[in-house]
Each structure stands twice: as C-alpha cells, then as structure tokens.
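The values are calculated or read from the model by the stated rules, or taken from the named source; none is laboratory data. Remember, predicted model here, so these are calculated numbers, not experimental data. Backbone-built Cβ (ideal geometry, glycine too); neighbour counts: all protein chains shown. We work out accessible area using only protein heavy atoms, side chains counted, and drop any ligands, DNA or RNA first. Shrake-Rupley method; radii C 1.70, N 1.55, O 1.52, S 1.80 Å.
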Amino acid sequence: MTLDIMIENGIIVTANGMFKANLAIDEGKIVGITKNTVFEKCDLHIDAKRKLILPGGIDTHTHFEFDFMGEKIRETWHQGTTSAAFGGTTTVVDFSVQKKGRPLMKTIETDVSRADALSAIDFSVHGCFTDFSNPEKILKEMKQIVDFGVASFKEFMIYKKQGWCIDDWNLYNILLKAAELNAIVGVHAENASIGESYMDKLVEEGKTSAKYHPVSKPNFVEAEAIQRAIILAENTGSKLYIVHMSTKEGLELVCNARKRGLPVYAETCPHYLTLTDETYARTDAINYICSPPLRKNEDIDALWKGLAAGSISIVGSDHVAFTSEQKKEHSKAFTDVPNGIAGVEARLPILYSEGVRKGRISLQRLVQISSTNASKLLGIYPKKGVIAPGSDADIVIFDPDTRKTLSADSFHMGTDYSIYEGLEVRGYPVVVLSKGKVIIEDGQYLGEAGDGSFLQRKLSEEEVATFEELDV
Ligand SMILES: [Zn+2]
C-alpha cells in the first residue's frame with residue numbers, strides 16, 4: 001500500500017496531551033499515528049522537525065459576504081476562507097441571516113450553494129431568524145433546518161433598527177423548540193432597549209464620534225442580556241451559546257451557570273483578548289467599531305482567566321471584512337458605521353502568541369478553544385477537531401519560532417486594514433492541510449475555490465456533556 005502523505009518528526013498536540021510521532025494520511029483521512037514506523041511507500045514526506053502538529057482550526061464565527069448596515073462585504077467566500085486557511089483555520093461556521101418575508105431555509109440553501117462553489121475549506125452555517133411575523137412557522141422550520149444538518153441557531157437580542165432583534169417570547173419559544181430538537185441556540189447578548197436608546201441620546205447631544213461607541217454600551221448592557229438568556233435557557237432545558245462575550249460581568253454569569261451544571265457555553269474573540277476601548281480615541285477609531293465594543297484591561301484579564309479555567313469554551317473571530325472606505329462612508333455618527341472587524345486569519349497566531357507564549361493558556365487549551373471544543377459543541381466531532389485515525393486530515397504544521405509582524409499587507413483577507421497592524425507575534429502556521437490536501441505551504445495558497453464542502457452537523461449529547469471537564 002502506498003500512502004498519500006507522511007508528516008514526520010513533529011510534535012502532535014491534542015486536547016489531552018502532546019507527543020512526538022509520525023502521522024500517516026491517505027485519501028483525505030488520518031490513517032495512522034506511529035512512534036517509530038516510517039512508511040517508505042508514500043507519495044509525499046513532510047518533515048515537521050521542531051514543529052507542532054495541531055488539528056485544523058475551527059472558526060465558529062465568520063460573516064463572509066455579509067450584508068449589514070447599508071454595506072455588503074466585498075471579500076468573497078473564497079478570499080475569506082483562503083485567508084482563514086493561511087491563519088491555520090480549516091473549518092468555518094458562518095451565519096445565514098434570514099431575509100424578511102422568505103423562509104430561513106431558503107437563505108441557508110442559497111448561502112450553502114454559494115459557499116459550496118467558492119469555499120477553500122469545509123464549512124457550515126448557523127441559522128438566524130429575523131422575521132418574527134409568524135412564530136408558528138419559525139418553530140416548524142426549525143425542524144427542517146436541523147434535519148438539513150444545521151444544528152445551531154443564533155438570535156440577535158439587539159439591532160432593533162435593522163429589524164433583527166428578537167423579543168423574549170420568541171427567544172423563549174425558539175429555546176424550547178431547540179431543546180426538543182437537540183439543537184443549540186446562540187445569542188448576541190446586548191440589551192436592545194438600553195443600548196439603542198443610549199446611542200440615540202448621545203447622537204442627540206451631538207456626541208457622534210467613535211469614542212462614544214463604548215459609552216453607549218456599558219458592560220452591564222451585555223451582562224443583563226446574558227443573564228436573561230441564561231434564565232430563559234434554564235427554564236426550557238436548551239443548550240445556550242453566548243457568542244462574542246466581552247465582559248468580566250458576563251463571564252461571572254456564565255461561570256455561575258456552569259457551576260450549577262447548566263449547558264451554557266461562551267465564546268469570545270481575539271479582539272476582546274487584545275484591544276481596549278482606548279482604541280476609540282485613535283484617529284481611525286471608526287475602523288474598530290464592533291459590537292459589543294472593545295472593553296478594558298480588567299475585562300481582558302478576566303477573559304484570559306476564563307479561557308484558561310474552562311468557563312469560556314471557544315474563541316471565534318467574528319470576522320466581518322468591511323473596508324475602511326465602507327466604514328468612512330457612514331461615519332457621520334458612530335451609530336451608523338457598519339459594525340464589525342476582520343480577524344479570521346489572525347485568530348490562531350494571536351491565541352498562540354498572546355496566550356501560550358505569554359503563559360496564559362497551555363498548548364492543550366489552545367487546541368481545545370481553537371478547534372476541539374467547537375467540533376464537539378457544534379456536532380462535527382470526531383470528523384473535525386481531533387488528530388486521530390479516521391478523522392479528516394485537517395492539519396496545521398505550526399512553527400513556534402516564526403516571528404511575524406501582523407499587517408494588512410501580509411494578510412490575505414479582502415479588506416485594506418487590520419486592527420492588529422504592527423502587532424508582533426511569535427509562532428505561525430507554515431503548512432496547512434485540508435482533507436489531506438496541502439493548501440498552504442511556504443506562504444503560497446495551493447488550493448482551489450470549491451475545495452470546501454458543507455458539513456452536516458448533528459449534536460451528540462455525549463460529546464457535548466463531556467468536552468469540558470476543567471474547573472469552572
Ligand atoms: Zn458576529
């Protein structure tokens with residue numbers, strides 16, 4: 001038998017440990033992990049000496065080709081997912097946001113077929129209902145969507161002006177139905193009434209610059225919505241996923257819920273782990289407008305501790321690649337600037353450099369929060385998120401010694417600026433394989449549009465229940 005690929009002499013890092021071994025890959029799958037055997041008959045030998053072998057990253061939070069606040073993202077699915085691959089991510093879960101008056105299933109089908117033609121890596125979507133005019137229809141559609149292989153929903157607890165904000169009754173009913181269907185419900189947790197009224201008040205007072213963005217959404221605006229979502233989830237039996245959590249107050253609530261044994265999980269993002277609200281005093285502050293806003297150093301410290309301890313389970317990028325021109329177009333008042341920042345390519349390098357190198361998290365924890373936990377929580381384990389025989393050969397060969405200065409010029413995403421411009425990182429992906437195919441090597445992209453496929457997801461109670469065994 002001739003194998004496709006052997007990756008030799010590297011250090012394999014998994015969610016539970018690390019060891020030096022050779023990795024055998026055939027027909028897109030991992031077929032063997034051996035300490036001593038060297039397979040001579042093999043089409044391609046990759047020497048990974050002094051490199052780490054990580055399971056390909058899973059980014060739970062991207063918005064490719066997003067249409068939001070009067071602007072459409074210009075970066076294509078192919079560009080965005082190529083950028084993801086350069087950064088060591090081999091699976092993305094994007095968002096299908098319902099178009100009013102049309103079934104969400106239609107949006108999901110449209111998005112999946114677009115991504116199927118263009119994506120560089122495997123993908124899935126979360127379903128987001130925004131049309132609440134016929135609640136019965138939503139509940140019926142949920143089953144159809146779960147049967148299609150989309151086992152997660154995400155609802156907005158803010159964005160009334162966009163017509164996306166869900167009320168508590170609809171959220172309660174979606175949670176009830178999700179519990180019945182064994183799906184998970186994510187929430188963008190911000191108190192809409194206070195956050196949006198605060199924004200209006202500031203604008204009325206002539207306070208229109210970006211520095212008022214964090215003023216309009218103090219920490220409690222996020223914490224209140226998290227608390228409410230936890231209480232609703234607890235009373236429905238549903239699993240709850242707090243997306244892009246940014247505050248120490250939110251963390252405390254999630255921590256308490258987890259201590260009580262509730263299936264409540266939190267995701268944070270690299271920008272909430274690295275940047276503070278002082279950024280909003282910069283001359284290009286509009287480029288940093290995202291929701292929730294960037295916070296303070298004490299929040300950053302708390303989030304890293306939460307990640308290390310197990311109370312935050314996942315880091316997703318919340319990648320939204322508006323260009324600086326698109327941001328500027330709507331910059332008369334901070335409230336009109338399209339929200340979102342691009343970071344799909346920087347996620348893994350930042351977690352390693354700022355997290356592992358700085359002693360804030362272990363290598364095992366890096367693998368858990370960047371890959372394994374997402375695969376278990378979102379229903380793609382053990383196909384993804386693990387280095388084991390039978391799993392897809394989605395592999396990152398990571399050089400812990402590469403030094404790099406992050407910059408818009410060196411990233412591959414479809415926007416002209418980076419919020420991490422000038423940040424020095426140590427450690428970077430050097431070779432990336434997707435389903436046994438080398439798609440990144442020596443700074444070159446070797447894949448093709450459409451290499452990625454849609455991943456049908458189904459939650460496993462067992463995996464979800466066992467993936468976090470750390471102290472919360
Ligand atoms: Zn988002």
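From the cross-link list K99/K137; K217/K358; K384/K437; K100/K376, which pairs have alpha carbons spaced over 22 Å apart?
K217/K358; K100/K376, as the Cα separations exceed 22 Å there.
Could you tell me which of I73, P429, T415 has its Cα farthest along the dipole of the chain towards the positive end, charges placed at Cβ (Lys, Arg +1; Asp, Glu -1), taken about the Cα centre?
P429
So if I place +1 on the C-beta of Lys and Arg and -1 on the C-beta of Asp and Glu, and nothing else carries charge, what would the dipole magnitude of the chain be about its Cα centre? I want it in debye, nearest 20. Mind showing how you got there, number by number?
Working: 53 positive and 66 negative charges, 120 e Å.
That gives a dipole near 580 debye.
Which value results for Rg/Rh of the chain when Rg is the Cα radius of gyration and Rh the Kirkwood radius based on the inverse mean 1/r?
Details: Rg = 21.2 Å, Rh = 22.2 Å.
We get a ratio of 0.95 for the chain.
Mind jotting down the three principal axis lengths of the stretch 67-107 based on Cα atoms? Whole angstrom, largest first.
38, 23, 13
Translational diffusion coefficient of the stretch 99-234 at 25 °C, 0.890 mPa s, Stokes-Einstein with Kirkwood Rh over Cα pairs, in µm²/s as a whole number. Working shown, then result.
On the way: Rh = 16.4 Å.
Answer from the Stokes-Einstein relation: 150 µm²/s.
Once fully extended, how much extra length lies between D401 and M18, figured as 0.36 nm per residue of separation less the alpha-carbon to alpha-carbon distance? Numbers along the way, then the final one.
Details: separation 383, 0.36 × 383 = 137.88 nm, distance 1.76 nm.
Gain on extension, D401 to M18, equals 136.1 nm.
Using only the heavy atoms of the protein chains and a 1.4 Å probe, how would E141, E421 rank by accessible area, largest first? The partial results should precede the final answer.
Details: E141 20, E421 105 Å².
These residues rank, largest area first, as E421, E141.
Can you list the residues, at least 5 places off or on another chain, whose amide H is less than 5 Å from the amide H of S317, using H built in the peptide plane?
Result for S317 returns T60, H61.
Roughly how many Å² is the accessible area per residue of the chain, as a whole number, for a 1.4 Å probe?
Averaged over the residues of the chain, the accessible area is 37 Å².
Per DSSP H run of at least 4 residues, take -39500 (n - 2.57); add these up for the chain, divide by its residues and hand me the 222 nm value, nearest 500 deg cm²/dmol.
Roughly -8500 deg cm²/dmol at 222 nm, from the helical runs in the chain.
Ignoring ligands, DNA and RNA, please state the percent of accessible area on the chain from carbon and sulfur, probe 1.4 Å.
Summing carbon and sulfur atoms, their accessible area is 49 percent of the total for the chain.
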